[in-house]
1. Please determine whether any residue of the stretch 34-54 is within 26 Å of K77 (Cβ to Cβ), exposed (fewer than 13 other Cβ atoms within 10 Å of the Cβ) and either in contact with a strand residue (DSSP E or B) (Cβ under 8 Å, 6 or more places away or on another chain) or touching a residue at least 40 places away in the same chain (Cβ under 8 Å) (or both).
2. Inside the stretch 1-36, can you point out the residues that are farther than 15 Å from A71 by Cβ and modelled with pLDDT under 95?
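The values are calculated or read from the model by the stated rules, or taken from the named source; none is laboratory data. This structure is a prediction, so every number in the text was calculated from the model and none was measured. Please note: Cβ atoms are built from the backbone with ideal geometry, for glycine as well, and neighbour counts cover all protein chains shown.
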Amino acid sequence: MDETKKRLASCFRLVFPDLPDADIPSASQDTVSAWDSIAAIILVNVIGDEFGIEIDLDQIGDLTSFDKLQAYLQDQKIA
């Protein structure tokens, strides 16, 4: 697992402590029952703090999975 994925996984662990590590790479709003609108905002803020970026809250509706968040970070030239 590359460094960005490890850091992103750490963010998921903070927000979703009951989510098994093995399930993090496939995590999405559809598969994680605790991933509601409040958790989405918290997750985006935790990721923003971890990577030193500001994620526009208007994009939260599109950032609905680990993969989509990782792709977003790649687009931001973080990964």
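1. Looking for residues that are within 26 Å of K77 (Cβ to Cβ), exposed (fewer than 13 other Cβ atoms within 10 Å of the Cβ) and either in contact with a strand residue (DSSP E or B) (Cβ under 8 Å, 6 or more places away or on another chain) or touching a residue at least 40 places away in the same chain (Cβ under 8 Å) (or both), one finds none in the stretch 34-54, hence no.
2. Listed by number, the residues that qualify are M1, E3.
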